[in-house]
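In what follows, a single structure is set out as structure tokens and then discussed.
The values are calculated or read from the model by the stated rules, or taken from the named source; none is laboratory data. Remember, predicted model here, so these are calculated numbers, not experimental data. Ideal geometry is used to build each Cβ from the backbone, glycine not excepted, and the neighbour counts take in all protein chains shown.
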Amino acid sequence: MSRVLVVEDESAIAELISINLRHAGYDVTIASDADQAQIEIDGVLPDLVVLDWMLPGQSGLVLAKRWRGQVRTRELPIIMLTARAEEGDMISGLDAGADDYLTKPFSTNELLARIRAVLRRKAPEALDTLVDVAGLKLDPSTRRVARDDREVRIGPTEFRLLHFFMTHPERVHSRGQLLDRVWGDHVFIEERTVDVHVKRLREALEPVGCSRMIETVRGAGYRFTQQVQTLSN
């Protein structure tokens with residue numbers, strides 16, 4: 001489930017977008033101004049931002065330029081929403097770093113199509129593509145995990161959890177978010193279940209020196225880190 005941040009100060013539009021995105025299977029967060037949007041970005045990096053041009057305080061254009069200038073958010077997919085229909089405005093939005101540009105009024109179906117297209121361009125790798133993070137390799141097609149040709153014995157739930165971690169490195173994920181994204185939001189199980197599987201995953205990764213790649217972030221959740229140069233082999 002991809003996480004989308006909707007930055008829109010008109011509450012009716014924000015809610016309409018949110019309802020349609022959630023119905024389409026996206027995890028949606030709403031921010032009504034630039035400051036709130038920055039707080040959300042600083043907390044958890046979304047998979048895509050739907051960003052209104054006209055916001056109270058700093059504009060969406062300023063936000064897009066700022067995010068493109070920072071390493072952490074440089075590749076953040078952005079779709080700009082605006083009431084400005086002039087070609088010059090569209091060019092300004094794209095020059096600021098937007099991946100796509102949608103003029104109000106727009107249909108939600110068109111927005112969904114644009115979101116899918118941008119996410120495909122930004123993450124073209126298929127679900128069965130080999131993932132390699134700092135020498136730890138996960139192959140979804142064969143369901144094998146290895147490091148330095150040493151295979152990791154791992155259960156199916158731990159495999160899915162590791163796959164999610166490895167494809168979303170350096171982000172902090174709460175237990176609730178992990179339940180939604182790994183187990184599915186239709187599954188009603190306790191959050192402590194995540195702790196059990198993280199413990200099992202760490203135990204499985206211990207023989208190849210990768211257990212400490214899964215960090216506990218106190219009060220927040222877990223993070224998978226690529227910074228393994230200080231870890232034992």
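Miscellaneous remarks
Residue-by-condition table, conditions (1) out of contact with any Lys or Arg (no Cβ under 8 Å at 6 or more places or on another chain); (2) touching a residue at least 40 places away in the same chain (Cβ under 8 Å):
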residue	(1), (2)
G25	yes, no
G57	yes, no
G60	yes, yes
L63	yes, yes
R66	yes, no
P77	no, yes
D99	no, no
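- With respect to the stated conditions, V50 is touching a residue at least 60 places away in the same chain (Cβ under 8 Å) and in the same structural domain as A113 (by TED's automatic domain parsing).
- Test: residue in the range 67-79 that is outside the structural domain of F165 (by TED's automatic domain parsing), modelled with pLDDT of 90 or more and among the acidic types (D, E): no
- Odd one out for V7, checked against (1) modelled with pLDDT of 90 or more; (2) more than 25 Å from R120 (Cβ to Cβ); (3) in contact with a Leu (Cβ under 8 Å, 6 or more places away or on another chain): (2)
- Checking each residue in the range 101-114 for being among the polar types (S, T, N, Q) and either outside the structural domain of G25 (by TED's automatic domain parsing) or without any contact (Cβ under 8 Å) to a residue 24 or more places away in the chain (or both) picks out T103, S107, N109.
- Test: residue in the range 176-187 that is within 15 Å of D132 (Cα to Cα), at pLDDT below 90 and not polar (S, T, N, Q): no
- Here the range 43-60 is the region considered, the condition is being modelled with pLDDT of 90 or more and over 20 Å from P105 (Cα atoms), and the residue that is surrounded by the fewest Cβ atoms within 10 Å (Cβ to Cβ) is D47.
- Some residue of the range 116-137 being of a type in the set (D, E) and either more than 24 Å from P46 (Cβ to Cβ) or modelled with pLDDT of 90 or more (or both): yes
- The number of residues in the range 1-28 that are touching a Gly at 6+ places or on another chain (Cβ under 9 Å) and either part of a helix (DSSP H, G or I) or among the hydrophobic types (A, V, I, L, M, F, W, C) (or both) comes to 2.
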